[in-house]
């Protein structure tokens with residue numbers, strides 16, 4: 001087995017982590033690698049990556065997906081609420097490590113580049129930016145809880 005090349009080589013977590021680092025370093029939005037029938041797609045845009053049954057699941061680098069909240073009947077306050085959604089499947093962490101305070105809490109003001117949480121996926125800890133300006137009005141996920149792609153994690157009042 002030593003020295004043999006298998007299709008699992010491209011799925012080595014260290015290699016994927018290095019690819020994510022290279023994407024950040026060179027400001028790449030997407031990498032698509034194929035080795036035989038195996039495939040790895042990395043995309044930073046936060047858009048879902050389509051995968052066919054014969055391909056491997058896609059891994060997304062950090063990027064929060066935003067969507068306006070549903071309008072309330074009054075239509076005033078709800079129009080100003082943005083939802084920060086998880087850009088990937090993983091584990092939600094409110095802080096970068098257990099001894100640190102949360103990245104943000106209810107009442108904090110955030111900007112587009114403010115890190116609001118960490119989502120761990122495949123042993124890679126991804127900093128998730130707010131991508132919107134405003135005041136955090138709700139944290140919708142508990143620390144250490146699993147999150148799905150597109151799951152709402154924060155509500156932000158954009159009037160602030």
| request: Would you point out the residue of the stretch 32-45, among those that are under 19 Å from the mean Cα position of the chain (by Cα) and either more than 17 Å from residue 122 (Cα to Cα) or exposed (fewer than 12 other Cβ atoms within 10 Å of the Cβ) (or both), that is modelled with the highest pLDDT? | output: 32
| query | Taking residue 152, is it surrounded by 14 or more Cβ atoms within 10 Å (Cβ to Cβ), under 10 Å from the mean Cα position of the chain (by Cα) and closer than 27 Å to residue 16 by Cβ? | reply | no
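The values are calculated or read from the model by the stated rules, or taken from the named source; none is laboratory data. In this text the structure is predicted, and so the values were computed from the model without any measurement. In this analysis, Cβ positions are derived from the backbone assuming ideal geometry, glycine residues included, and neighbour counts consider all displayed protein chains.
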